[in-house]
Amino acid sequence: MALTREQVQGLADLARLDLSEDELKTAEQDLDKVLGYVERLQEVETQGVEPFAMPARTAWREDVSLPCDHAACEIILSNFPERSGDLLKTPGVFESPKGKKA
Amino acid sequence: MKLNELTIAEARKRLDAGDLTSTELTKACIAEIKNQNPTLNAFIEVYEDDALEQALRSDERHSRSECLGALDGVPLGLKDNLLNQGKEVTSGSNILKGHISAYDATAVRKLKGQGAVILGRTNMDEFAMGSSTEHSAYGPTKNPHDLERVPGGSSGGSAVAVAAKMALGALGSDTGGSIRQPAALCGTVGLKPTYGRISRSGLMAMASSLDQIGPFAKTAEDAALILEALQGPDSLDQTTSNHPLFVPEWKKDLSGVRIGLPRQAWGAGMHDEVRSEVMRGVEALKERGAEIKEVDLPYADEALAVYYVVMPCEVSANLARFDGMRYGLRVKDLPLFETYAKSRAKGFGPEARRRILLGTYALSRGYYDAYYLQAKRVQTLIRKAYEQAFTEVDMLVTPTAPNPAFRLGEKTTDPLTMYLEDVFTVGVNVAGLPAVSVPCGKADGMPVGMQLIGRHFDEAGILAAARIFEESD
């Protein structure tokens with residue numbers, strides 16, 4: 001099945017990827033090829049077959065907060081793209097809450 | 001023989017006997033890196049001072065008759081997606097350039113606990129997405145057997161580090177063949193352990209239900225030594241198993257071992273010389289006592305399709321964290337949505353973006369049942385097909401990859417042709433099984449790999465068979 005340009009643009013918006021016209025066109029072609037290949041799954045009879053799920057471990061560790069050592073804290077802070085003291089700086093959440101398509 | 005050409009087992013004996021120091025061994029590896037890495041681009045960063053310091057500590061321990069384990073003093077490489085506290089680790093991506101690890105991956109912590117010497121981090125396809133190590137922000141890695149050809153991927157840097165004798169062993173990660181395929185294309189041993197055998201804590205996730213850390217080594221025996229050091233349950237990864245730990249069970253021959261050749265895997269779509277070389281390998285296993293029989297393993301093509309649905313779905317979720325907020329690249333001075341969208345578009349390469357879009361599509365409303373849920377149902381059928389095959393035989397043998405190493409740039413324009421290189425390896429991840437690739441002759445003058453697939457947690461069985469094959473080859 002072929003995807004429309006609008007669908008691909010919609011996926012890019014959902015995935016928060018700002019793609020150029022050329023990149024959207026390439027994505028459209030690539031997705032069509034891969035979707036064409038995986039289409040064969042539709043032909044497999046799976047009536048009554050359970051979707052596979054990894055069995056979860058029965059033993060869980062205690063949910064306790066552990067102290068973060070000073071060196072690790074410093075590294076985490078140093079990885080912030082922008083900071084104000086020990087606080088993470090981000091763009092305002094309420095300036096364009098639903099994005100450009102809002 | 002140069003010191004860097006030693007196997008880990010040989011080096012261990014000489015280190016223990018006191019006729020070799022870790023400092024000598026580490027210096028030999030660093031010299032080889034300086035000699036070859038400018039051409040091969042296997043290491044993207046070398047920790048020369050740290051490595052020599054760790055080697056010195058190992059030698060000091062030896063002089064006090066202390067030894068932390070089989071890997072004490074042994075120089076190894078780490079794929080660039082394994083966290084190593086205080087070091088830059090980027091998954092081969094621009095979006096993480098400059099990112100410093102805040103903690104050690106469990107596997108890295110265990111290596112350090114054994115006194116291993118960490119030489120540096122190795123090149124990879126961005127976020128482990130690719131089969132050629134061409135999709136890296138640091139440029140491609142070259143195959144040491146022919147510089148015009150790819151080393152395979154995604155753990156191409158680790159494969160080349162071992163194949164070109166720059167390290168005695170290296171760690172990689174395998175989601176659909178990312179250890180076994182580059183091992184095959186470069187002529188080294190590569191082991192993908194059973195899902196749950198080694199903790200994934202601190203491994204940057206690509207597809208969490210399929211990812212598994214494993215070793216590259218010169219021999220099956222060396223791969224076993226690294227697996228022993230890394231394995232075991234971990235409270236930081238709830239998918240690690242409480243199954244009894246791996247213990248090597250080396251054998252004199254393969255009498256009583258039943259080896260299956262899956263009919264569907266040995267059909268069309270394989271290079272002639274790959275077929276004849278791996279058949280020759282099967283004959284060698286037979287001469288050493290194995291019983292060889294054809295078996296039915298349905299859903300071989302469907303396994304690749306399941307993989308290319310489930311994997312991108314998990315990729316789209318796992319890579320959502322790279323949004324320019326808490327770490328990684330941020331395009332600044334924009335409103336929130338544009339910060340996300342421009343940072344991600346700038347930071348991710350084409351293959352990462354492609355898989356994110358694919359996963360976003362397969363998980364979106366109206367398509368989830370047809371793609372993701374159907375793929376998970378077929379995954380159940382695939383696992384049952386392997387279980388059925390393992391009632392008839394003890395292990396399965398296929399080529400690791402359908403073709404020898406291809407040329408740089410040959411498969412980058414059409415993603416599907418690259419994906420098809422994974423056809424023999426992905427089923428193992430979909431079923432969560434262990435598999436090892438061992439060097440098995442040459443095709444077009446390039447190394448070929450033979451893949452041995454075992455039952456869940458039967459690394460001992462496939463490694464024993466691999467070692468017997470090495471001895472007879």
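Of all residues in region B:273-298, exactly one satisfies the criterion of being closer than 26 Å to B:Leu373 by Cβ and either within 14 Å of chain A (Cβ to nearest Cβ) or surrounded by fewer than 17 Cβ atoms within 10 Å (Cβ to Cβ) (or both), namely B:Pro298. What's the number of the condition B:Ala352 fails, among (1) modelled with pLDDT of 95 or more; (2) within 8 Å of chain A (Cβ to nearest Cβ)? (2) is the only condition that B:Ala352 fails.
Here is a yes/no grid of residues against (1) in a loop (DSSP other than H, G, I, E, B); (2) more than 13 Å from the chain's Cα centre (by Cα):
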position	(1), (2)
B:Gly172	no, no
B:Gly176	yes, no
B:Ala184	no, no
B:Leu191	no, no
B:Thr194	yes, no
B:Ser201	yes, yes
B:Ala205	yes, yes
B:Ser209	yes, yes
B:Ile213	no, no
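Among residues of region B:42-58 that are surrounded by fewer than 19 Cβ atoms within 10 Å (Cβ to Cβ), none has a beta-carbon under 8 Å from a residue that is among the aromatic types (Phe, Trp, Tyr) at least six positions away or on a different chain.
Give me the pairs, please: first residue somewhere in region A:37-54 and small (Gly, Ala, Ser), second residue anywhere and at pLDDT 95 or above, beta-carbon distance under 8 Å, and either six or more positions apart or on two chains. Within 8 Å, the pairs are A:Ala53/B:Lys376.
Of everything listed in (1) part of a helix (DSSP H, G or I); (2) surrounded by fewer than 21 Cβ atoms within 10 Å (Cβ to Cβ), the single unmet condition for B:Asn403 is (1).
Residues of region B:82-108 being hydrophobic (A, V, I, L, M, F, W, C) and within 13 Å of chain A (Cβ to nearest Cβ), which ones? Don't jump to the end; show me each part of the working.
Here is the first cut: in region B:82-108, the ones hydrophobic (A, V, I, L, M, F, W, C) are B:82-83, B:89, B:95-96, B:100, B:102, B:105, B:107-108.
Passing the criteria: B:Leu83, B:Val89, B:Ile95, B:Leu96, B:Ile100, B:Ala102.
Out of curiosity, is B:Tyr327 at negative phi, among the aromatic types (Phe, Trp, Tyr) and in a helix (DSSP H, G or I)? Lay out the reasoning, then the answer.
Values: at negative phi: yes; among the aromatic types (Phe, Trp, Tyr): yes; in a helix (DSSP H, G or I): no.
Criteria not met by B:Tyr327.
Within region B:405-425, being among the aliphatic types (A, V, I, L, M), under 19 Å from A:Asp30 (Cβ atoms) and either out of contact with any Gly (no Cβ under 9 Å at 6 or more places or on another chain) or more than 12 Å from every other protein chain (Cβ to nearest Cβ) (or both) holds for no residue.
The single condition among (1) farther than 26 Å from B:Tyr103 by Cα; (2) in contact with an Asp or Glu (Cβ under 6 Å, 6 or more places away or on another chain); (3) surrounded by fewer than 23 Cβ atoms within 10 Å (Cβ to Cβ) that B:Gln85 does not meet is (1).
Here region A:53-86 is the region considered, the condition is being exposed (fewer than 10 other Cβ atoms within 10 Å of the Cβ) and not in a loop (DSSP other than H, G, I, E, B), and the residue that is modelled with the lowest pLDDT is A:His70.
To keep it simple, each residue is scored yes or no on (1) closer than 23 Å to B:Gly202 by Cα; (2) in a loop (DSSP other than H, G, I, E, B); (3) at pLDDT below 95.
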position: B:Trp250; (1), (2), (3): no, yes, no
position: B:Arg275; (1), (2), (3): no, no, no
position: B:Gly281; (1), (2), (3): no, no, no
position: B:Lys286; (1), (2), (3): no, no, no
position: B:Ile292; (1), (2), (3): no, no, no
position: B:Val310; (1), (2), (3): yes, no, no
position: B:Ala317; (1), (2), (3): yes, no, no
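Checking each residue in region B:299-328 for being surrounded by fewer than 23 Cβ atoms within 10 Å (Cβ to Cβ), at the interface with chain A (Cβ under 7 Å from one of its Cβ atoms) and aliphatic (A, V, I, L, M) picks out only B:Met325.
Would you call B:Ser364 within 8 Å of chain A (Cβ to nearest Cβ), crowded, with 22+ Cβ neighbours inside 10 Å and of a type in the set (Gly, Ala, Ser)? For B:Ser364, the condition - within 8 Å of chain A (Cβ to nearest Cβ), crowded, with 22+ Cβ neighbours inside 10 Å and of a type in the set (Gly, Ala, Ser) - is not met.
Each residue in region A:9-29 was checked for being buried (at least 22 other Cβ atoms within 10 Å of the Cβ) and farther than 19 Å from B:Thr339 by Cβ, and 2 of them qualify.
I want to confirm something. Restricting to region A:14-23 and keeping residues that are at the interface with another protein chain (Cβ under 8 Å from one of its Cβ atoms) and assigned to a helix (DSSP H, G or I), which single residue is farthest from B:Lys346 (Cα to Cα)? Explain how you work it out, then say what you get.
Restricting attention to region A:14-23, the residues satisfying the condition of being at the interface with another protein chain (Cβ under 8 Å from one of its Cβ atoms) are A:14-19, A:23.
Restricting the remaining residues to those that are assigned to a helix (DSSP H, G or I) gives A:14, A:23.
Numbers: A:Leu14: 16, A:Glu23: 12 Å.
Going through the qualifying residues, I end up with A:Leu14.
So, in region B:406-424, exactly how many residues are outside any loop (DSSP other than H, G, I, E, B) and either under 20 Å from the mean Cα position of the chain (by Cα) or not polar (S, T, N, Q) (or both)? Give the steps one after another, and end with the answer.
So the first thing to find is which residues in region B:406-424 are outside any loop (DSSP other than H, G, I, E, B), and the list is B:407, B:415-422.
Now restrict to residues that are either under 20 Å from the mean Cα position of the chain (by Cα) or not polar (S, T, N, Q) (or both): B:407, B:415-416, B:418-422.
Number of matching residues: 8.
Would you say A:Gln42 is outside any loop (DSSP other than H, G, I, E, B), among the polar types (S, T, N, Q) and more than 8 Å from every other protein chain (Cβ to nearest Cβ)? Taking the combined requirement at face value, the residue does not satisfy it.
Filter region B:329-349 for residues that are among the small types (Gly, Ala, Ser) and at the interface with chain A (Cβ under 7 Å from one of its Cβ atoms); which is surrounded by the fewest Cβ atoms within 10 Å (Cβ to Cβ)? Write out each step before concluding.
Taking region B:329-349 and keeping what is among the small types (Gly, Ala, Ser), we get B:341, B:343, B:345, B:347, B:349.
The next check asks that each one be at the interface with chain A (Cβ under 7 Å from one of its Cβ atoms); those that pass are B:341, B:345.
On the way: B:Ala341: 23, B:Ala345: 18.
My answer is B:Ala345.
Evaluated against (1) on the phi > 0 side of the Ramachandran plot; (2) not in a helix (DSSP H, G or I), B:Phe127 falls short on exactly one condition, (2). Name every residue in region A:61-81 that is under 27 Å from the mean Cα position of the chain (by Cα) and within 7 Å of chain B (Cβ to nearest Cβ), in order of residue number. Correct list: A:Ala72, A:Ile75, A:Ile76, A:Ser78, A:Asn79, A:Phe80, A:Pro81.
Looking at B:Thr240, is it within 20 Å of the chain's Cα centre (by Cα) and over 30 Å from B:Tyr103 (Cα atoms)? Considered against the rule, which asks whether it is within 20 Å of the chain's Cα centre (by Cα) and over 30 Å from B:Tyr103 (Cα atoms), B:Thr240 comes out as no.
Working carefully through the options B:Gly441, B:Gly409, B:Gly432, find the one that is surrounded by fewer than 17 Cβ atoms within 10 Å (Cβ to Cβ) and among the small types (Gly, Ala, Ser).
Numbers: B:Gly441 fails: surrounded by fewer than 17 Cβ atoms within 10 Å (Cβ to Cβ); B:Gly432 fails: surrounded by fewer than 17 Cβ atoms within 10 Å (Cβ to Cβ).
Result of the check over B:Gly441, B:Gly409, B:Gly432: B:Gly409.
The values are calculated or read from the model by the stated rules, or taken from the named source; none is laboratory data. Please read these numbers as outputs of a predicted model, since none were measured by experiment. Here Cβ is always computed from backbone atoms with ideal geometry, including for glycine, and neighbour counts include all displayed protein chains.
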